[in-house]
Amino acid sequence: MLKLFAKFAGALLLLGLLAAPAAADLASDRAAVDAAKAAGVVGEQGDGYLGLVTGAADAAVTAAVKNINAGRAQVYAETAAKTGTNAQAAGEATALQLIAKLPAGQYYKQAGGGWTRK
């Protein structure tokens, strides 16, 4: 199973994982999310999506998280279709790599757990 996750995660990262409708919007969303991650407002979840650590954020950060998560969902679905698995498995596989790459001080949440500072 871990081999399968590694295969999906590698493929997703190569596909540019955080695909979004427009490049300019994507850059703006990434900047907002990166700042929110550094501030401890946004974190990576075990399902491969971003989440709000504090439960709430300003409108710009909330919209950026929503947009990035929508892009991730699309990539997970496309990867699942190409590999014969499901989007949930693709997301979980990617989460393992995203969480492993988080810098110290940022937050992550494993499936079924609470937020943890790395």
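Which of the peptides 44-52, 84-92, 109-117 is most tightly packed, and how do the rest follow, judged by the mean count of other Cβ atoms within 10 Å per residue?
Working: 44-52: 20.8, 84-92: 17.8, 109-117: 11.9.
Peptide ranking by packing, descending: 44-52, 84-92, 109-117.
Shape call for the stretch 38-118 from the C-alpha gyration tensor, a ≥ b ≥ c root eigenvalues: rounded (a/c under 1.5), prolate (a/b greater than b/c) or oblate?
Values: a/c = 2.38, a/b = 1.47, b/c = 1.62.
Cα axes put the stretch 38-118 in the oblate bin.
Every read-out reported here was derived from the displayed coordinates using simple, explicitly stated rules and does not represent laboratory data. Fair warning: this is a prediction, and the values are worked out from it, not measured in the lab. Virtual Cβ from ideal backbone geometry, glycine too; neighbours counted across all protein chains shown.
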